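Following: one structure in structure tokens, then a few remarks.
The values are calculated or read from the model by the stated rules, or taken from the named source; none is laboratory data. All of these numbers come straight from a predicted model, not from anything done at the bench. Cβ coordinates were reconstructed from backbone atoms using ideal geometry, including for glycine residues, and neighbour counts include every protein chain displayed.
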Amino acid sequence: MSEKLEKARLYEIEEAKNIPQEEKPAFHVSAPVGWINDPNGFSVFKGKVHLFYQYHPYSRDWGPMHWGHSVTEDMIRWEQLPAALAPDQEYDREGCFSGSAIEADGKQALIYTGVTTEKLPDGKEEVRQNQCLAWGDGKDYVKAEKNPIVTGDMLPEKCSRVDFRDPKVWEDNGTYHMLVGCRSEEIPGQVVLFSSKDLKEWKFETILAENSTGEIGVMWECPDFFPLGDKHVLICSPQHMRAKGYEFHNGHNSLYFTGDYDSEKHTFEKDAPVSLDYGLDFYAPQTTLLPDGRRVMIAWMKSWDSCVINEKQRWQGMMTLPRELEYRDGKIWQKPVREIENYRKNRCCYENVKVGESLSLEGVRGRMIDLTVELQNADGIMDGSRNSGNPNQEALDVYNEFRIELARNEEYTTVFTYDRKRQILKIVVEEYVAAAEPVGSKAIAQRMPGKISSATIRNELADLTEMGYLEQPHTSAGRVPSAKGYRLYVNELMERRSLSREEEEKLNTSLAEKLAGTDQVMARAGQMVSSFVGYPAYAVADHKTAATVRRFELIPVDASSFIAVVMLSDSQVKSQLLPLQLPVADGGLPDMSHLLNAHFTGIGPEDMNGRLMSLSEQVSGQWFLPLNQVVEYAGRLLKEANSQEVFTGGAKEFLRFPEYRDADKAHDLMTFMVDNKEQLPAPTEGGPVQILIGPENLNEALRDSSVVVASYDIGDNMRGLVGVVGPTRMDYATVAARLSYFAESLGRMFGKNQLPPKEDQET
């Protein structure tokens, strides 16, 4: 056992003692301590179901990945086993990423992605992801001597060596098959197939499936492939999916394809993708085949955009209850594993209960609850009736908004809310952002939960329009958000997003490669932000307070020249060789230095000229001329130091958006970005990211656009600013997340002095 693995095992034992069991879930696999995400190695070995998972014991946040380990006999009650893998070898020193497990030759084989870095010919380092093997007895595992067993060099030429992960292995007629998530220079997501006779020597077979249309996200993570009914099923988790109707609302989604598989030709004719789950806490599902023939699936009950926990909690992440899968009527049907029935008790049922302002029901309490709630319209009134004289209108409005509070105590309350108007507004904003077309009742009905009539939706749209949150173009029956609607969406309805590991790595690599020195950072940051967010952008270094001179020093060179050294309040030191037009007596330059430090420090250039004039009658001509030269030089330095230079990038991006199809409008904005860039907004104190929507921008040129701007600390009295300009129909959640991370990354770079020093001396 390696030192790193032993350390992890000891740590989880000791730290788990400090976590009360009542704080942990009763039926869901959870982190013993620290962080867990993707399920790995979901498999049967020696009569027990094993589940491994991505694990970072030392923090509640994602970190260098280990493999955690649990086992069960009924998939409801789980036993925690010691950590199985740690990143302790050169080929996996950056992490043991996701993979699978299989029984072979009486042993349990773990196949996982080892992550390391490789030095390139130009001296730079780049991430490498390869597939590795470990053998074990169900508790302890030894990594194979010839790891990695599958490398990126075995892929077709244009496939990524950086994004090549999450192997799923199965056996069929004496041959092992391995499916791995990947991408290429042309294809943003794909899965590749390998084969082997012994799990040690592998050969590339084919690209089994890929995102040829570009519509199914990027980087297909955690693939799984298996027969179900009379079809084969491919499961994967593409990153950065765009919502479509009811489908793909999680950003990083899990979906499945059904189709026909030719095992000899290794071809898979797949149908259209379908969501596996419609909630927001479901990612990276894996399946296994039980001895009784059931195909069972488990997933990470979390998502990358919703990693929020109580600050006192010392663990984060859990798994879903395992689900049985069945294929019928052209779909995958899911239900909790039947073993859950053995744990149900204290059944409580209420029917035809009229709900008022609040309702508490006897018997509905306890630490664990399996709850089903069905809501019906009061008194059988048809949803959507809108007669001003309807005496039952009040009863209809009851169901526009409600909340259910669960697990309420002195500290915490779990709340389920339903607000139809706000939900409709959210849908209108998101659909309009995606399609740039007015949104009608049909599109809204497709995304609303339950069955809501078009008449009801039209009524709600009319109300939202009357309230000023929506507008109705005269040419369409659909609605578009108003500036007021966007503001409510940004403040209260928008789902806050964080960047994926892939996005973070991409940005960090780009920053390291392209930015060098403060001037270069500002010059390049605008273009980098634009390419990163897909909108025009700008960057500027702003002074928190105006720079002044801290100290003067005059150094003699010869009878006809001297060096003026000026130290500014921002710690810059500048020097320049100046001529002596008249000879100065010995000791004159040190005395002049004393005079300058007494009268010309701590003030701006406009005040320096006034003080020089007031001293003109008190000093000789021999002194006045060099003093005037030094004051002029210091004034130029201060003007340069206090100037605000703005760098823009991606102005041509305006032309992508239908809001700027009018050539004059696009030209005016592009001109403003170039010629009036000093008037672009800066964030106010009080928050890292500020969003200004339409009329909230004071400059007339921006009244029909939105601006998202973030700040970061450069140091030495400097503040960096990065901003994005685009239509009010902006993807605010994505832009805010990416801009915030960009600003934070630059702040870290400056804070750690990672940027090369700038040359400060002039001669």
Item checked: The one condition in (1) out of contact with any Asp or Glu (no Cβ under 8 Å at 6 or more places or on another chain); (2) modelled with pLDDT of 95 or more that V44 fails to fulfil -> (1)
Margin query: of a type in the set (A, V, I, L, M), exposed (fewer than 11 other Cβ atoms within 10 Å of the Cβ) and either at pLDDT 80 or above or touching a His at 6+ places or on another chain (Cβ under 8 Å) (or both): is that true of A701 in this structure?
Written below: no
Next item on the list: Those residues that are crowded, with 18+ Cβ neighbours inside 10 Å and at positive phi, I need them from segment 180-223; list them, please.
Entry: L199, G217, M219, C222
Check: Out of the residues in segment 570-596 that are part of a helix (DSSP H, G or I) and of a type in the set (A, V, I, L, M, F, W, C), which is farthest from E640 (Cα to Cα)?
Finding: L589
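Which one is farthest from the chain's Cα centre (by Cα) among residues in segment 239-266 that are part of a strand (DSSP E or B) and at pLDDT 90 or above?
As a first pass, look at segment 239-266 and keep what is part of a strand (DSSP E or B): 239, 244, 247, 255-262.
Those left that are additionally at pLDDT 90 or above: 255-262.
Numbers: L255: 20, Y256: 23, F257: 26, T258: 29, G259: 32, D260: 35, Y261: 35, D262: 38 Å.
Step by step, filter segment 239-266, then rank; the result is D262.
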Next item on the list: Confirm whether K639 is within 30 Å of L721 (Cβ to Cβ), touching a residue at least 60 places away in the same chain (Cβ under 8 Å) and of a type in the set (K, R).
Entry: no
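Quickly run through segment 214-238 and pick out the residues that are in a loop (DSSP other than H, G, I, E, B) and over 20 Å from S160 (Cβ atoms).
G229, D230
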Next item on the list: State whether the residues of segment 437-449 include one that is part of a loop (DSSP other than H, G, I, E, B), hydroxyl-bearing (S, T, Y) and outside the structural domain of G726 (by TED's automatic domain parsing).
Entry: no
Next item on the list: With the checklist (1) surrounded by 10 or more Cβ atoms within 10 Å (Cβ to Cβ); (2) within 29 Å of the chain's Cα centre (by Cα) in hand, flag the one item K312 doesn't pass.
Entry: (1)
Next item on the list: Grab the strands (runs of 3 or more DSSP E) fully contained in segment 1-91, keeping just those with 2 or more residues being buried (at least 16 other Cβ atoms within 10 Å of the Cβ) and small (G, A, S).
Entry: 34-45, 66-72, 78-85
Check: Do you know which residues across segment 423-444 are surrounded by fewer than 18 Cβ atoms within 10 Å (Cβ to Cβ) and more than 18 Å from G534 (Cβ to Cβ)?
Finding: E437, K442
Next item on the list: Check segment 189-197 and report whether any residue there is modelled with pLDDT of 95 or more, in contact with a Gly (Cβ under 6 Å, 6 or more places away or on another chain) and outside any strand (DSSP E or B).
Entry: no
Check: For S43, all conditions in the list (1) of a type in the set (S, T, Y); (2) over 28 Å from the mean Cα position of the chain (by Cα); (3) more than 30 Å from G174 (Cβ to Cβ) hold save one; what is the number of the exception?
Finding: (3)
Margin query: If E269 satisfies all but one of (1) without any contact (Cβ under 8 Å) to a residue 40 or more places away in the chain; (2) assigned to a loop (DSSP other than H, G, I, E, B); (3) not small (G, A, S), what's the number of the condition it fails?
Written below: (2)
Next item on the list: Please work out if S706 is modelled with pLDDT of 85 or more, in a strand (DSSP E or B) and among the hydroxyl-bearing types (S, T, Y).
Entry: yes
Note to self: Based on this model, can you work out whether V169 counts as within 30 Å of L290 (Cβ to Cβ) and of a type in the set (A, V, I, L, M)?
What the structure shows: yes
Note to self: Looking at segment 559-575 only, could you name the residues that are under 23 Å from G621 (Cα atoms) and surrounded by 18 or more Cβ atoms within 10 Å (Cβ to Cβ)?
What the structure shows: F562, A564, V566
Margin query: Only one of R748, R738 is in a helix (DSSP H, G or I), under 19 Å from the mean Cα position of the chain (by Cα) and modelled with pLDDT of 85 or more. Can you tell me which?
Written below: R738
Next item on the list: Could you please find all residues in segment 280-313 being in a loop (DSSP other than H, G, I, E, B), at pLDDT 90 or above and closer than 23 Å to S59 by Cβ?
Entry: M301
Next item on the list: Please specify each residue of segment 377-402 satisfying the condition of being loosely packed, with under 10 Cβ neighbours inside 10 Å and either outside any helix (DSSP H, G or I) or modelled with pLDDT of 70 or more (or both).
Entry: N387, S388, G389, P391
Next item on the list: State whether the residues of segment 331-341 include one that is surrounded by fewer than 10 Cβ atoms within 10 Å (Cβ to Cβ) and not in a strand (DSSP E or B).
Entry: yes
Check: Within segment 148-161, can one find any residue that is touching a strand residue (DSSP E or B) at 6+ places or on another chain (Cβ under 6 Å), in a strand (DSSP E or B) and polar (S, T, N, Q)?
Finding: yes
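Suppose the filter is at pLDDT below 80 and not assigned by TED's automatic domain parsing to the domain that holds L554; does E645 pass it?
Yes, satisfied.
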